[in-house]
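Inspection log for the structure reproduced underneath, given as structure tokens.
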Amino acid sequence: MSMPALRLLGSDRAERCRWDAFVQQAADATFFHRSGWQTVIEEAFGHRTWFYYVEQDGEIRAILPIAEMRSRLFGHGLVSLPFCVYGGVAGSCRASRRILVEAAQSLACRIGARHLELRHCAHTAESAGWAQKDLYYTFRKQISADNDANFAAIPRKQRAVLRKSFTCGLQSRVEDDTQAFFAAYSASVHHLGTPVLSPRYFQLLKKEFGGDCEIRVISQQRKTMSAVLSFYFRDEVLPYYGGGIAAARGCGANDFMYWTLMQAAVERGCAVFDFGRSKAGTGAFDFKKNWGFSASPLPYAWWLNGQAEVPDLNPLNPRYQLAIRAWRRMPLSLANVIGPHIARNLG
């Protein structure tokens, strides 16, 4: 038996297919471990990436995708993986996992990164003793192949909101173009006081992941009310970026959107609805609980390389409140021009 060897993913198509085949079968791998994220992150944001893997006897044993985040405002670190809710090491071979984490730590020291963040879904031995912060929660739930059963599983008050939305003449459609989605999404994040990601980022997601990246648009009398960009992975659906215009709330367009997505996921054979990551104390956190989803803490871990504490880019941080209020007052058209230059460093 040969010794485990550390490799860097290159541009060779066959090599990338091997990587993605590993992701598809590894129990702890996620959609965010797919090789396409390297292309998206580099081309959309210009961040450097290192997609490490360990190979032994011609087989991939474990992987670790990493990207560098460097900003005067927000610091210098390595993240697995920015713009993704999950990441970290994937693979069951303990020796290979240890090699990958040590390689990431060495890389941080070599380039002067002040921290290394691994966005694991579960506690791991490799990051035992690292700094952690109780901030993010994920919402995942098994769904039935029976839509009536899924509807009955939604709490009574939320079912009432949905029933009202059914009477508002809303229509749901799937699009390949990102334009209508971006209009609804950018309006929503502007209302929250958050810089918007670039339109090119969403175009690259659609291009790179094809049919596993779905754009669903909800309209009323041909007017776009809300939209969601979702990922499909194995038997899961992950509504990832969503939002709506101000009028969407009055007709329950966002609720209608997630219900029709759940129905579509059932038709596609999905068994898990992953409502994604939210911060405790936010409206998104409460919205997901209202749908009957339980919150599970995400055990992100930070290895601090000369940095005193875990980075705090949380918009609930009081130091950002003045900037958030100012951003909300900015015209949407201007926010959509300036926002991507800031958001690229907020992964």
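Checking each residue in region 143-196 for being hydroxyl-bearing (Ser, Thr, Tyr), more than 26 Å from GLY292 (Cβ to Cβ) and in a loop (DSSP other than H, G, I, E, B) picks out THR178, THR194.
Restricting region 197-222 to residues that are aliphatic (A, V, I, L, M) and under 20 Å from VAL237 (Cβ atoms), the residue that is surrounded by the most Cβ atoms within 10 Å (Cβ to Cβ) is ILE218.
This table checks each residue for (1) surrounded by 16 or more Cβ atoms within 10 Å (Cβ to Cβ); (2) within 26 Å of the chain's Cα centre (by Cα).
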| residue | (1), (2) |
| --- | --- |
| ASP134 | no, yes |
| THR138 | yes, yes |
| GLN142 | no, yes |
| ASP148 | no, no |
| ALA152 | no, no |
| LYS164 | no, no |
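Condition check ((1) charged (D, E, K, R); (2) surrounded by 15 or more Cβ atoms within 10 Å (Cβ to Cβ); (3) in contact with a Cys (Cβ under 6 Å, 6 or more places away or on another chain)) across all residues:
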| site | (1), (2), (3) |
| --- | --- |
| MET262 | no, yes, no |
| ALA265 | no, yes, no |
| ASP274 | yes, yes, no |
| SER278 | no, yes, no |
| GLY283 | no, no, no |
| PRO331 | no, no, no |
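Residues that are over 22 Å from the mean Cα position of the chain (by Cα) and either under 23 Å from LEU298 (Cβ atoms) or among the aliphatic types (A, V, I, L, M) (or both) within region 77-95 comprise SER92, ARG94, ALA95, listed in sequence order. Scanning region 258-283 for residues that are in contact (Cβ under 8 Å) with a residue 12 or more places away in the chain and among the small types (Gly, Ala, Ser) returns ALA264, ALA265, GLY269, ALA271, GLY276, SER278, ALA280, GLY281. Looking across region 44-59, just one residue is of a type outside the set (Gly, Ala, Ser), more than 21 Å from the chain's Cα centre (by Cα) and not in a strand (DSSP E or B), and that is ASP57. Of THR194, THR178, all but one fail to be crowded, with 21+ Cβ neighbours inside 10 Å, farther than 27 Å from SER144 by Cα and in contact with a helix residue (DSSP H, G or I) (Cβ under 8 Å, 6 or more places away or on another chain); the exception is THR178.
Let's see how each residue does on (1) aliphatic (A, V, I, L, M); (2) modelled with pLDDT of 95 or more:
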residue	(1), (2)
ASP255	no, yes
LEU261	yes, yes
ALA264	yes, yes
CYS270	no, yes
ARG277	no, no
THR282	no, no
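Candidates GLY129, GLY112: the one that is modelled with pLDDT under 95 and over 24 Å from the mean Cα position of the chain (by Cα) is GLY129. Where the second residue is at pLDDT 95 or above and acidic (Asp, Glu) and the first is outside the structural domain of TYR232 (by TED's automatic domain parsing) and part of a loop (DSSP other than H, G, I, E, B) and lies in region 25-43, which pairs have Cβ atoms under 6 Å and are six or more apart or on separate chains? Pairs found: ARG34/ASP20; SER35/ASP20.
Only a single criterion out of (1) under 24 Å from the mean Cα position of the chain (by Cα); (2) assigned by TED's automatic domain parsing to the domain that holds PHE256; (3) hydroxyl-bearing (Ser, Thr, Tyr); (4) farther than 17 Å from VAL228 by Cα is not satisfied by THR124, namely (2). With respect to SER106, determine if the residue is hydroxyl-bearing (Ser, Thr, Tyr), in contact with a Leu (Cβ under 7 Å, 6 or more places away or on another chain) and under 20 Å from GLY77 (Cβ atoms). No.
Condition check ((1) assigned to a helix (DSSP H, G or I); (2) of a type in the set (S, T, N, Q); (3) under 15 Å from VAL174 (Cα atoms)) across all residues:
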| site | (1), (2), (3) |
| --- | --- |
| LYS206 | yes, no, yes |
| GLY211 | yes, no, yes |
| ARG216 | no, no, yes |
| PHE231 | no, no, yes |
| GLY242 | no, no, yes |
| ARG249 | yes, no, no |
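The values are calculated or read from the model by the stated rules, or taken from the named source; none is laboratory data. Values in this document were obtained by computation on a predicted structure and should not be read as measured data. No Cβ is skipped: glycine too gets one built from the backbone with ideal geometry, and neighbour counts run over all protein chains shown.
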